[in-house]
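The values are calculated or read from the model by the stated rules, or taken from the named source; none is laboratory data. This one's a predicted model, so the numbers in the text were calculated from it and none came from an experiment. Reconstructed Cβ throughout: ideal geometry from the backbone, glycine too, with neighbour counts over all protein chains shown. Remember, those area values only see protein heavy atoms, side chains included, never the ligands or the DNA or RNA. Shrake-Rupley method; radii C 1.70, N 1.55, O 1.52, S 1.80 Å.
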Protein chains: 2
Amino acid sequence: MDPWTVGEIADYGKLMREFGMESFDAYRRRFDEFRYMRRGVVFGHRDFARILECMDKKKPYAMMTGLMPSGAFHMGHKMVADEIIWFQEHGADTFICAADVESYLMRDKSFAEARRIAVEEYLANYFALGLKSKGLHFWFQSDHVGEYYRLRDMAAKRVTFNELTAIYGELSPGKIVSVLTQVADILHPQLERYGGPRPTVVPVGADQDPHIRLTRDIASRLAAEREGGADFKCQVPSATYHKFMGGLSGGKMSSSDQKSHIALTEDPAAASRKVMSAKTGGRATAEEQRRLGGEPDKCMVYELYLYHLMDDDLELAKVYNECKCGKLTCGEDKRRCADLVERFLRAHQERLPSARERAERLLH
Amino acid sequence: MDPWTVGEIADYGKLMREFGMESFDAYRRRFDEFRYMRRGVVFGHRDFARILECMDKKKPYAMMTGLMPSGAFHMGHKMVADEIIWFQEHGADTFICAADVESYLMRDKSFAEARRIAVEEYLANYFALGLKSKGLHFWFQSDHVGEYYRLRDMAAKRVTFNELTAIYGELSPGKIVSVLTQVADILHPQLERYGGPRPTVVPVGADQDPHIRLTRDIASRLAAEREGGADFKCQVPSATYHKFMGGLSGGKMSSSDQKSHIALTEDPAAASRKVMSAKTGGRATAEEQRRLGGEPDKCMVYELYLYHLMDDDLELAKVYNECKCGKLTCGEDKRRCADLVERFLRAHQERLPSARERAERLLH
């Protein structure tokens with residue numbers, strides 16, 4: 001598993017057994033108002049207890065996550081946005097980093113293009129989904145805040161070549177600089193000027209765990225020493241991990257494959273047509289479907305309900321059961337989903353123009 | 001040969017044969033007013049012709065060099081200072097970089113300590129030796145100028161891991177960041193805000209050639225392409241190489257070994273005593289000395305004349321010949337040298353207080 005070539009992750013349990021990620025089950029009930037947590041989409045964590053303590057005792061904590069500005073903002077990205085907004089509503093100082101150095105080094109994007117995508121696609125959609133500007137720190141890796149680069153140098157000094165190889169496999173100079181920049185991103189909220197040392201939660205997809213592990217190792221080394229001139233104290237950051245949405249036609253949902261995703265800016269009618277041709281858990285014939293029932297766990301339409309379109313668990317359970325027992329056919333189900341997608345996109349896109357203005361304002 | 005563990009370089013010819021450095025002989029006559037060039041202390045170069053052209057045609061060019069703020073400023077460092085000043089007097093835009101990121105990563109110096117040494121030891125002595133503030137760009141690697149860090153990222157993208165290994169041997173993440181920072185240092189004068197693309201000469205000790213080679217390779221790649229968003233054009237930098245002064249008791253002259261060097265801030269009487277116990281090219285007995293003659297080429301006292309204390313070639317030749325034929329004894333010669341050192345230091349140290357003030361002013 002590496003953070004640049006995500007495929008489907010077949011076995012989330014393996015991540016926990018082999019890399020020491022902990023199950024989020026203990027917290028599911030506690031946060032049953034939040035769809036992703038209640039439904040096990042957020043399935044893993046590291047050190048979430050210290051974040052919970054901050055929430056309970058109203059102590060300051062930070063939420064930090066990044067975005068890779070490489071293409072259209074789609075339903076998979078919406079998941080991260082919803083998590084950001086949830087943590088913001090739950091008292092977190094909110095830090096969002098646009099990883100333009102990474103997209104430059106690893107994806108060949110120019111800085112100008114990355115900036116455009118980050119603002120027009122990501123930040124605007126975050127706002128349209130409910131992000132508040134108040135207390136928000138949004139920055140680009142290339143913004144070159146002094147101490148931020150010093151963090152990168154401090155990280156470079158506290159990790160060996162073999163450790164990097166063990167985590168990331170084959171290395172290049174660009175990859176090394178890129179991962180050190182990620183470490184600086186994650187520790188950034190704990191710089192004095194951004195609030196100093198405090199618990200930080202990083203909600204990410206499971207593929208980003210290598211960055212979390214590396215940063216936690218480096219942070220624990222930094223926390224254990226007192227650097228003469230560097231003068232940086234920090235706490236080891238926490239993380240939560242979510243599962244990935246699948247692509248509409250199976251495989252992964254990807255920015256670069258238009259057929260695989262629904263972008264939040266795409267034409268609602270076109271999106272609706274994509275749903276109508278999505279991969280479902282249906283059987284080969286209507287007769288078989290009635291006899292054997294459908295397979296909602298393999299169905300992209302069901303996944304859209306689960307992640308985004310149905311917040312009511314009873315309603316969702318009804319769909320699941322009716323599909324399972326063959327009562328619900330794929331045709332009518334897809335029409336309902338297409339309709340929900342279309343309505344969601346129309347409402348969202350009405351909020352977009354003013355959200356775009358807010359995004360531009362934030363950066364000027 | 002690597003830039004962090006300099007020993008004596010036994011064979012400068014080998015550097016030219018194996019690494020494609022060119023001999024400076026062709027330019028010695030042309031610049032016979034400059035002691036280091038005339039006497040072959042500056043022995044090698046890369047692409048010096050384009051610098052000469054700028055000098056001749058009064059076209060803009062830059063001179064860039066770095067300092068490693070790790071200890072006392074001594075007679076070996078004075079050589080670099082004299083070269084900086086010479087290029088400044090010959091029309092170069094003058095760029096001096098204090099390598100505090102490197103001293104942090106490679107020598108465990110804190111940033112605060114590096115800053116103190118760079119200003120009090122290096123910059124102050126540069127001024128006392130004749131550097132002018134006018135048109136001078138002096139900066140720290142950790143100053144975090146935006147485009148400067150972008151240069152580091154651009155460099156990271158244009159070099160492979162195997163190339164770095166071929167140049168520097170075993171690598172660590174800190175070493176990789178450190179050498180990429182050096183590349184940014186050297187290309188820095190060609191950023192638009194510092195004058196844009198133009199010939200740049202880097203006068204350095206021969207041990208720094210690995211950085212020069214790496215930077216020239218990366219610069220030629222940058223020069224050959226037009227980067228979409230990055231938008232940085234540059235010319236491949238030139239370099240001149242000087243030999244190293246030996247230490248007073250043989251071996252290398254080093255900041256960390258007080259007996260090996262004369263610091264420009266040390267007590268003149270103490271420095272004079274060091275000269276009196278320096279390694280010379282004298283024979284075991286006075287009788288042998290008269291019979292066989294001395295060996296000025298192995299004599300640290302003669303080296304002090306050659307590099308610093310005797311600007312008159314005839315006078316120097318007289319010392320050389322009188323030593324060779326046994327007429328000059330080491331005792332009287334050391335007394336003369338000690339006297340010259342003492343006088344030089346007294347005069348220099350009279351200029352230091354106001355030079356220190358200028359150094360502080362430049363940075364505030």
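Summary of computed values
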| read-out | value |
| --- | --- |
| Cα-based shape type of segment B:234-287, given that a ≥ b ≥ c are square roots of the gyration tensor eigenvalues and the cut on a/c is 1.5 | oblate |
| DSSP-loop GluC sites (Glu not before Pro) across segment B:107-207, with at most 10 other Cβ within 10 angstrom | B:Glu170 |
| Occluded residues from segment A:95-141, i.e. those whose accessible area drops by 50 Å² or more once the chain is not alone (1.4 Å probe) | A:Tyr104, A:Phe111 |
| Across the identical copies, how the A:Arg30 labels are spaced - nm, sorted shortest first, 7 Å along Cα→Cβ | 7.4 |
| Amide hydrogen neighbours beyond the local backbone of B:Thr200, cut-off 5 Å, H modeled | B:Ala62, B:Ser238 |
| Label spacing, shortest first and in nm, from B:Gly196 to its equivalents in the remaining copies (7 angstrom along Cα→Cβ) | 4.8 |
| Three-way shape label, segment A:51-183, alpha-carbon gyration tensor, a/c 1.5 | oblate |
| Whole-number accessible area per residue in Å² for segment B:18-84, which is evaluated in the context of all protein chains at 1.4 Å | 39 |
| For B:152-160, mean number of other protein chain Cβ atoms within 10 Å | 6 |
| Low-density loop cleavage sites - trypsin sites (Lys or Arg not before Pro) in segment A:21-56, where at most 14 other Cβ are within 10 Å (DSSP) | A:Arg29, A:Arg30 |
| DSSP-defined antiparallel bridges as percent of all bridges, the protein assembly as shown, nearest 5 | 30 |
| Calculated FRET value between B:Phe19 and B:Glu53, using beta carbons and R₀ = 35 Å, to 0.05 | 0.90 |
| Gyration tensor verdict on segment A:127-238 (Cα atoms; rounded if a/c is under 1.5, prolate if a/b is larger than b/c, oblate otherwise) | oblate |
| Karplus 3J(HN,Hα) series, Hz, for segment B:172-178 with 6.51 cos²θ - 1.76 cosθ + 1.60 (x for Gly, Pro) | 10, x, x, 5, 5, 4, 4 |
| Trypsin sites (Lys or Arg not before Pro) restricted to DSSP loop in segment B:263-295 with at most 14 other C-beta within 10 Å | none |
| Interchain or long-range residues, amide H under 5 Å from A:Glu295's placed H | A:Gly281, A:Gly282 |
| From phi via Karplus (6.51, -1.76, 1.60), per-residue ³J(HN,Hα) for segment B:79-93 in Hz, x at Gly/Pro | 4, 4, 4, 4, 5, 4, 5, 4, 5, 4, 5, 9, x, 7, 5 |
| Position B:Lys318, label points 7 Å along Cα→Cβ, spacing to each other copy in nm (shortest first, one decimal) | 11.2 |
| Proximal lysines to B:Lys318, defined as alpha-carbon separation beneath 26 angstrom and excluding residues fewer than eight positions away on the same chain | B:Lys78, B:Lys243, B:Lys274, B:Lys279, B:Lys298, B:Lys327, B:Lys334 |
| Segment B:111-148 and segment A:266-285: distance between their alpha carbon centers, rounded to Å | 64 |
| 3J(HN,Hα) from dihedral phi, segment B:15-26, Karplus parametrisation 6.51/-1.76/1.60, rounded to Hz, x for glycine, proline | 4, 6, 5, 8, 10, x, 5, 9, 6, 8, 3, 4 |
| Other-chain or far-sequence residues with amide H under 5 Å of A:Ala98's (modelled H) | A:Leu67, A:Trp139, A:Phe140, A:Gln141 |
